[in-house]
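Worksheet: the structure to be examined is printed underneath.
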Amino acid sequence: MKSVCIIFLSLVIFACASSGTKVDQNYVSQIEKGVTTEADVVARLGQPMGVALSSNGEKILTYMHVSSHATPESFIPIAGIFIGGAKSEATIFTVTINKETGIVKDWNYSQSNNTVKTGLANRD
């Protein structure tokens, strides 16, 4: 019985994972093009996951967050192997910074939600 409890707790602990900086949609709506600075964005969100330079020299900051958790049916003994799955959410927030002023020129925010069936019964 003790080993069953340990296995169950391990599954619960490892059934969720997340990475990156989660950007709140409310914060995104507060960013003003031509007003908010790069320093303002970094002060609020921390260092970006990536920094790129466009062909015209503008800086593009990228913040990304991915989280995933197993669906409840994944934890059903034996049946979980056949009908299990996971739900995931991803957000990507990019900010384009004007190269001369250091002020936000543009931004893009996207969010996606997916369900993945991982059980053997879901194989093609």
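The values are calculated or read from the model by the stated rules, or taken from the named source; none is laboratory data. Given the structure is predicted, the values throughout are model-derived calculations rather than measurements. The area values use the complete protein model at the heavy-atom level, side chains included, leaving out ligands, DNA and RNA. Shrake-Rupley method; radii C 1.70, N 1.55, O 1.52, S 1.80 Å.
Which whole-number value in Å² is the accessible area per residue of segment 69-115, probe 1.4 Å?
57
Using a cut-off of 19 Å between alpha-carbon atoms, which aspartates and glutamates can reach Lys87, once sequence neighbours fewer than 8 places away in the same chain are excluded?
Glu73
Taking Lys105 as the anchor, which aspartates and glutamates have their alpha carbon closer than 17 Å to its alpha carbon, excluding any fewer than eight residues away along the same chain?
Glu32, Glu38, Asp40, Glu58
Go through Asp106, Asp24 and list them by solvent-accessible area, largest first, probe radius 1.4 Å.
Putting Asp106, Asp24 in descending order of accessible area: Asp24, Asp106.
In the full protein assembly as shown, how much of Glu38 is accessible to a 1.4 Å probe, in Å² to the nearest 10?
Taking all protein chains as shown, Glu38 has close to 40 Å².
Once ligands and nucleic acids are excluded and a 1.4 Å probe is used, how much of Ser68 is accessible, expressed in Å² to the nearest 10?
40
Accessible area, 1.4 Å probe, largest first: how do Phe82, Phe75 sort?
Reading off the accessible areas and sorting them downward yields Phe82, Phe75.
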